[in-house]
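Participant: Can you read through this structure? Questions will come right after.
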């Protein structure tokens with residue numbers, strides 16, 4: 001046994017360890033070189049004991065170097081395998097050859113629109129908040145001024161988890177998050193609430209039983225209907241572009257008084273009248289109004305001191321209108337030909 005023999009044995013061990021493809025192969029190499037009785041390096045320890053003292057000292061240093069190098073190489077390769085590292089490329093493989101292009105994902109048009117709405121609202125000082133999708137009757141209906149006989153409470157409109165008597169349901173709108181925000185502390189509030197909601201709707205070109213909603217709330221001293229009009233005009237213009245017309249008209253919602261609906265001019269016929277707008281030239285996109293005084297009282301606020309406005313829109317339907325889709329179900333059919341366009 002010579003120093004050259006030990007050095008060559010160690011180099012061979014290092015080369016084989018670096019090329020180990022899995023932990024089983026690595027364990028085989030550990031036993032081959034460092035096994036207590038039969039290891040190619042371990043056996044040299046017994047041979048060292050038979051050498052003269054002067055030779056034992058010289059070869060002992062080389063033996064320790066080889067053994068330590070192999071132990072360290074085993075530890076490194078084990079860590080690499082744990083991280084999924086592949087063994088080095090075989091000789092002759094050209095690593096400079098261009099790889100196959102990776103397919104990139106795309107933002108879903110609804111998620112993209114929700115982020116766009118959040119960005120526009122943030123520029124107006126609105127904070128984006130979220131809340132639970134499973135709600136109780138009190139927050140989803142009662143405190144929002146929806147009386148027990150209101151049709152929205154019927155089982156053919158709402159998904160109840162344990163029946164109406166139990167009071168737990170899948171929220172029908174994101175308004176409970178607005179209510180919880182008002183009950184959590186004093187005004188001012190400027191929030192926007194995106195989230196998934198559930199209603200017993202039959203799927204058709206404009207309805208889905210599971211869809212997204214984005215609601216907004218602003219409550220402070222001196223908030224007026226003019227503030228609502230200015231906010232909606234800016235928000236709708238930022239979403240659809242300045243070329244689309246916007247109009248507000250009177251409506252009714254139990255939790256706002258007065259109530260307004262906002263329309264945008266039809267993007268298919270440019271206001272001339274077509275099948276998509278039912279010949280009206282306008283398409284309704286959101287409901288809004290001044291927060292009803294009773295809702296403020298239910299939240300523990302004094303309507304004589306505070307006032308506010310709220311609005312709600314369906315980004316699924318707005319995405320279909322904005323991107324020229326005639327059927328909102330197309331957004332959820334997983335058709336890559338459509339989704340890759342975004």
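Read-outs: derived from the displayed coordinates by stated rules, not from any lab. This is a predicted model, so every value here is computed, not measured. Methodologically, a virtual Cβ is constructed for each residue, glycine included, from the backbone with ideal geometry; neighbour enumeration extends over all protein chains shown.
Participant: Compute the separation of the alpha-carbon centres of region 288-342 and region 115-185 and state it in Å as a whole number.
Facilitator: 12 Å
Participant: Applying 1/(1 + (r/R0)^6) with R0 = 45 Å to the Cβ-Cβ distance of residue 36 and residue 104, what FRET efficiency is obtained, to the nearest 0.05?
Facilitator: Efficiency computed from Cβ-Cβ geometry: 0.30.
Participant: Using Cβ contacts closer than 10 Å as the measure, can you line up 97, 168, 282 from fewest to most?
Facilitator: So the residues, fewest neighbours to most, are 97, 168, 282.
Participant: When a footprinting reagent is the concern and you count Cβ atoms within 10 Å, what order do 94, 5 take, fewest first?
Facilitator: Result, fewest neighbours first: 94, 5.
Participant: Can you compute the helix-only [θ] at 222 nm over the chain? Use -39500 (n - 2.57) per DSSP H run of at least 4 residues, normalise by all residues, nearest 500 deg cm²/dmol.
Facilitator: Calculated mean residue ellipticity at 222 nm is -11500 deg cm²/dmol.
Participant: Among 157, 227, 302, 263, what is the fewest-to-most ranking by other Cβ atoms within 10 Å? Don't jump to the answer; show the numbers that get you there.
Facilitator: Details: 157 13, 227 16, 302 9, 263 19.
Taking fewest neighbouring Cβ atoms as first place, the list is 302, 157, 227, 263.
Participant: Set the Förster radius R0 to 45 Å, insert the Cβ-Cβ distance between residue 161 and residue 64 as r into 1/(1 + (r/R0)^6), and round the FRET efficiency to 0.05.
Facilitator: That pair, residue 161 with residue 64, gives E of 0.05.
Participant: Relative contact order, percent, of region 277-325 when contacts are C-alpha pairs under 8 Å separated by at least 6 residues?
Facilitator: 40 percent
Participant: While we're here: Springs between alpha-carbon atoms under 10 Å, Gaussian network over the chain: tell me which of 310, 24, 101 tops the mean-square fluctuations.
Facilitator: 24
Participant: In whole angstrom, how long is each semi-axis of the equivalent ellipsoid of the chain, when you take the square root of 5 times every eigenvalue of its Cα gyration tensor and sort them from largest down?
Facilitator: Three semi-axes, in Å: 71, 26, 19.
Participant: Right, here's the next one. Taking 0.36 nm per intervening residue step and subtracting the Cα-Cα distance, what contour gain separates residue 269 from residue 330 on full extension?
Facilitator: Once the chain is fully extended between residue 269 and residue 330, it gains 19.9 nm.
Participant: Same structure, new question: Residue 119 versus residue 11, label points 7 Å from Cα toward the beta carbon: distance in nm?
Facilitator: Label-label distance for residue 119 and residue 11, simple model: 5.9 nm.
Participant: Extension gain residue 227-residue 111, at 0.36 nm per residue separation less the Cα-Cα distance, in nm?
Facilitator: Fully extending the segment from residue 227 to residue 111 adds 39.0 nm.
Participant: I want to check the label-to-label distance for residue 294 and residue 200. Put each point 7 Å from Cα in the C-beta direction and report it in nm to one decimal.
Facilitator: So the two model labels end up 2.4 nm from each other.
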